[in-house]
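The values are calculated or read from the model by the stated rules, or taken from the named source; none is laboratory data. In this text, all values refer to a predicted model and were calculated from it rather than measured experimentally. Quick reminder, even Gly has a Cβ in these numbers, built from the backbone with ideal geometry, and neighbours come from all protein chains shown. The area values use the complete protein model at the heavy-atom level, side chains included, leaving out ligands, DNA and RNA. Shrake-Rupley method; radii C 1.70, N 1.55, O 1.52, S 1.80 Å.
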Amino acid sequence: MKLPEAFSLQMQQILGEEYPAFVESLAEPTPVTIRLNNRKTPSEPLATQERVLWHSDAYYLAERPVFTLDPAFHAGAYYVQEASSMFVAEAIRQAIDTSKALKVMDLCAAPGGKTTLLASLLNNKSLLVANEVIKSRVGVLKENLEKWGFPNYIVSNHDSEEMIDLEGFFDIVLTDAPCSGEGLFRKDPKAMNEWSENNVQICCARQKRILQAAAMLVAPGGILCYSTCTYNEKENELNAQWLTQVADFEPVELEIPAEWGITARKYGYQFYPHKTKGEGFYLAVFRKTRGDKQEAKGKIKLNRVPQKKIEVLKEWLQTPDTFEYFEKPDGQIVAIPADLTNEYAVLFRALHKRSSGLEIGQFKGNDFIPSHDLALSTAIAQNLPAIELSKDDALKFLKRENLTTDLSEQPKGWLLARYQGLNLGFMKVIGGRINNYLPKEWRIRMDIPE
Ligand SMILES: C[S@@+](CC[C@H](N)C(=O)[O-])C[C@H]1O[C@@H](n2cnc3c(N)ncnc32)[C@H](O)[C@@H]1O
């Protein structure tokens with residue numbers, strides 16, 4: 001691999017005698033890792049081998065399978081994620097009590113790897129906002145969150161500076177900042193071609209701007225996590241130092257076993273591919289020492305669903321009484337955790353470009369049409385009519401093709417397509433016909449080998 005000259009010099013300065021080992025590691029293949037969803041376990045456990053040291057649900061795979069051809073992947077049983085970046089969960093676990101009801105903002109969220117990591121860390125009384133500034137990246141973020149199934153989430157599409165009304169609102173803010181990507185050179189050669197000292201400067205200035213906005217969102221006592229997938233001082237340690245100078249934050253020291261191979265710096269923690277089995281990564285965690293806390297108080301400005309309809313909805317959810325039900329102007333019903341209505345009201349007021357929480361479906365006359373979001377949510381009732389599909393048929397369902405299984409004996413009505421006990425989506429049995437309700441934009445497009 002021919003590294004940019006200025007980058008080589010920079011790494012020699014940072015690493016000294018470790019530099020040759022670093023260069024050698026760049027010629028090795030990128031490890032393939034998956035992180036299992038702790039709320040969705042397939043009946044046949046995935047074949048996993050070596051565990052990622054800093055995450056109890058994550059594993060290295062011997063080779064990269066075609067994930068598109070695994071229905072369990074589409075059901076949200078696991079996420080394919082670079083190993084080093086999973087350290088965010090361990091850091092948060094050490095920095096804050098995750099058994100509490102927490103309000104969490106993932107400020108630079110698409111495609112959602114770390115958002116799903118956060119979702120697995122949170123309990124069902126917590127609330128997760130996934131924000132992405134680039135509109136074209138919001139779709140994939142939503143899709144990944146829907147699949148993951150954690151019900152208490154909102155996806156928003158704002159610049160980090162547009163959130164002034166959420167000052168002091170969050171217990172945790174994650175800023176996984178856009179960066180020069182030095183840690184991704186072997187995984188993504190494009191990152192290397194785009195690298196320049198000038199680009200490092202641009203990234204550094206942008207990160208400061210995002211960090212300043214992120215700092216404002218944190219409640220006193222809350223934590224701010226700052227991460228990049230790069231090595232240079234400007235984007236990492238110097239930005240971390242800058243934050244402690246311009247805002248009321250102190251670095252949180254983490255306990256890390258030596259065998260994990262993570263390098264502790266003054267403010268943060270650095271992953272190098274010659275020392276850890278993963279890509280280059282940097283994380284610093286800070287606690288806010290002072291500031292104003294925003295109390296969550298407000299009223300959701302959506303129509304409440306009439307009691308008669310709520311009785312219908314109750315059949316579709318596992319714990320229907322833990323939600324309150326509202327109707328959006330387009331008729332979609334959203335289920336909002338009853339304990340979190342004040343929090344949702346504050347978020348709805350402050351964020352204009354956003355989703356409205358878990359959309360469970362809509363009424364057409366007296367009939368309830370369940371949504372795909374509901375099919376994949378862990379909030380869905382367990383006793384709904386369902387059919388377990390073979391792998392072939394599960395893939396056919398995901399391609400929106402006709403199934404081989406004979407469904408003519410199935411009672412008319414809604415039927416969940418399942419694979420290894422995990423929901424893939426809804427079908428409707430109408431006489432001799434089946435309608436597939438998998439959203440068209442979600443269907444598998446690749447040809448399935450015989
Ligand atoms: C490193 S990526 C995030 C990866 C993601 N956290 C994950 O784990 O899958 C950085 C993201 O920040 C977004 N971004 C860029 N500028 C931003 C801004 N001013 N505010 C919020 N997000 C921004 C980029 O569009 C990009 O999606």
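Evaluating residue 182 against the criteria (1) more than 11 Å from the ligand (Cβ to nearest atom); (2) surrounded by fewer than 21 Cβ atoms within 10 Å (Cβ to Cβ); (3) charged (D, E, K, R) leaves one unmet condition, (2).
Would you confirm whether or not the range 95-108 contains a residue that is closer than 17 Å to residue 57 by Cα, in contact with a Leu (Cβ under 9 Å, 6 or more places away or on another chain) and either open to solvent by 10 Å² or more (accessible area, probe 1.4 Å) or more than 9 Å from the ligand (Cβ to nearest atom) (or both)?
So far as the range 95-108 goes, yes, one or more of its residues are closer than 17 Å to residue 57 by Cα, in contact with a Leu (Cβ under 9 Å, 6 or more places away or on another chain) and either open to solvent by 10 Å² or more (accessible area, probe 1.4 Å) or more than 9 Å from the ligand (Cβ to nearest atom) (or both).
Can you run down the residue pairs with Cβ atoms below 8 Å, 6 or more apart or on separate chains, where the first is in the range 253-264 and at positive phi and the partner is at pLDDT 95 or above and of a type in the set (S, T, N, Q)? The qualifying pairs are 261/276.
Residues that are touching a Pro at 6+ places or on another chain (Cβ under 7 Å) and either within 14 Å of the ligand (Cβ to nearest atom) or not assigned by TED's automatic domain parsing to the domain that holds residue 104 (or both) occur at least once in the range 260-279. Checked against the criterion of being of a type in the set (D, E, K, R), in a helix (DSSP H, G or I), open to solvent by 10 Å² or more (accessible area, probe 1.4 Å) and modelled with pLDDT under 95, the range 163-173 contains not a single residue that satisfies it.
The residue that is nearest to the ligand (Cβ to nearest atom), counting only those in the range 130-148 that are surrounded by fewer than 24 Cβ atoms within 10 Å (Cβ to Cβ) and among the small types (Gly, Ala, Ser), is 136. For the range 233-267: of the residues being more than 22 Å from residue 26 (Cβ to Cβ) and small (Gly, Ala, Ser), which is least open to solvent (accessible area, probe 1.4 Å)? For the range 233-267, the residue satisfying everything is 240.
From the list 119, 191, pick out the single residue that is open to solvent by less than 10 Å² (accessible area, probe 1.4 Å) and in contact with a Leu (Cβ under 8 Å, 6 or more places away or on another chain). Let's see the steps before the verdict.
On the way: 191 fails: open to solvent by less than 10 Å² (accessible area, probe 1.4 Å).
Only one candidate passes the filter, namely 119.
Within the range 197-207, identify whether any single residue is in contact with an Asp or Glu (Cβ under 9 Å, 6 or more places away or on another chain) and crowded, with 24+ Cβ neighbours inside 10 Å, and answer yes or no. Yes, the conditions are met somewhere in the range 197-207. The lone criterion from (1) part of a helix (DSSP H, G or I); (2) within 15 Å of the ligand (Cβ to nearest atom) left unmet by residue 155 is number (1).
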